[in-house]
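Chemist: The structure is given below, and queries will be raised subsequently.
The values are calculated or read from the model by the stated rules, or taken from the named source; none is laboratory data. Remember, it's a predicted structure, so these values are computed and weren't measured experimentally. No Cβ is skipped: glycine too gets one built from the backbone with ideal geometry, and neighbour counts run over all protein chains shown. Protein only, heavy atoms only, side chains kept; ligands, DNA and RNA dropped before computing areas. Shrake-Rupley method; radii C 1.70, N 1.55, O 1.52, S 1.80 Å.
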Amino acid sequence: MRKRLFQRSNDQTTSRRVIRQELIEGFQRPGCIFCALARVKSQRYIETLLDTAVIDVAQRDTWRLAKGLCHWHAGMAMAIPQSACSLAILYEDVLGHEIRYLAPLAASRPSTRWTRIRHAQRLAQRVQRWLRTWRQRDGCPVCRSWQTYEQLCMAVLLDDWHDPALMQAFGQSSGLCLPHTVRLVAHGGAHRH
């Protein structure tokens, strides 16, 4: 038990060290570190997703619930050489699922006036239900992954702020963009110190 607890604590410390080092190195490049990390990490995630999601059932389910990527990450995915086939397979899965849901909506044509009215009301309800599923989708899997990683990076930055190498790297950096400064301040307000 103690060995497992120590190992888990050691793993967390190792990942925090890796993130701290990544922050120190990132602060040496021009521009906002979080914007740069978002591009790099998103690109890697998309490449991995396109390689594995086509055959991984759990990732396909996640993809289907998210109904694909956001516009920004879809553009990144399209820029990856040889990505068209994987994207076509993944989006075909999403569209096939949606078409299976929508097909019965237009299938029957009632003959009497009363049944046409009832049918139209039920059809409107089903279309509204379908539209709600689009509004309540899980969101882009790449965005969700990045948001989790960004919060972890911000927690490491706030926790390890006293580290001389991190302080020096941040002091000599370009700083953060305004949106990431606002997020860091908000994260810091809720963060334990």
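Chemist: If I filter the range 129-145 down to residues being in contact with a helix residue (DSSP H, G or I) (Cβ under 8 Å, 6 or more places away or on another chain) and part of a loop (DSSP other than H, G, I, E, B), which single residue comes out as modelled with the highest pLDDT?
Modeler: Filtering the range 129-145 for residues that are in contact with a helix residue (DSSP H, G or I) (Cβ under 8 Å, 6 or more places away or on another chain) and part of a loop (DSSP other than H, G, I, E, B), the one modelled with the highest pLDDT comes out as C140.
Chemist: Residue under question is P104, and the condition is that it be on the phi < 0 side of the Ramachandran plot and not in a helix (DSSP H, G or I); does it hold?
Modeler: Answer is no for this residue.
Chemist: Can you name every residue in the range 33-79 that is within 13 Å of the chain's Cα centre (by Cα), surrounded by 15 or more Cβ atoms within 10 Å (Cβ to Cβ), modelled with pLDDT of 85 or more and among the aromatic types (F, W, Y)?
Modeler: The one that is within 13 Å of the chain's Cα centre (by Cα), surrounded by 15 or more Cβ atoms within 10 Å (Cβ to Cβ), modelled with pLDDT of 85 or more and among the aromatic types (F, W, Y): Y45.
Chemist: Looking at (1) at negative phi; (2) modelled with pLDDT of 85 or more, can you tell me which one T13 breaks?
Modeler: (2)
Chemist: Right, another one. Select from the range 141-176 the residues that are among the polar types (S, T, N, Q) and open to solvent by 40 Å² or more (accessible area, probe 1.4 Å) and write down the one among them that is nearest to A53 (Cα to Cα).
Modeler: S145
Chemist: Between residues in the range 127-153 that are in contact (Cβ under 8 Å) with a residue 12 or more places away in the chain and residues that are of a type in the set (S, T, N, Q), which pairs lie under 6 Å by C-beta distance while being six or more apart or on different chains?
Modeler: P141/T62; V142/S42; W146/S42
Chemist: Right, here's the next one. Open to solvent by 60 Å² or more (accessible area, probe 1.4 Å), in a helix (DSSP H, G or I) and of a type in the set (S, T, N, Q): does that describe Q82?
Modeler: Taking the combined requirement at face value, the residue does not satisfy it.
Chemist: Looking at T115 and the list (1) within 30 Å of P179 (Cα to Cα); (2) part of a helix (DSSP H, G or I), which single condition is not satisfied?
Modeler: For T115, the failing item is (1).
Chemist: Is at least one residue of the range 92-100 surrounded by 13 or more Cβ atoms within 10 Å (Cβ to Cβ), modelled with pLDDT of 90 or more and among the aliphatic types (A, V, I, L, M)?
Modeler: No, the range 92-100 contains no residue that is surrounded by 13 or more Cβ atoms within 10 Å (Cβ to Cβ), modelled with pLDDT of 90 or more and among the aliphatic types (A, V, I, L, M).
Chemist: Mind checking which pairs have a first residue in the range 162-183 that is in a loop (DSSP other than H, G, I, E, B) and a second that is open to solvent by 40 Å² or more (accessible area, probe 1.4 Å), Cβ under 8 Å, 6 or more apart or different chains?
Modeler: D163/R20; Q172/Q28; S173/Q28; S174/P30; G175/T181; C177/C35
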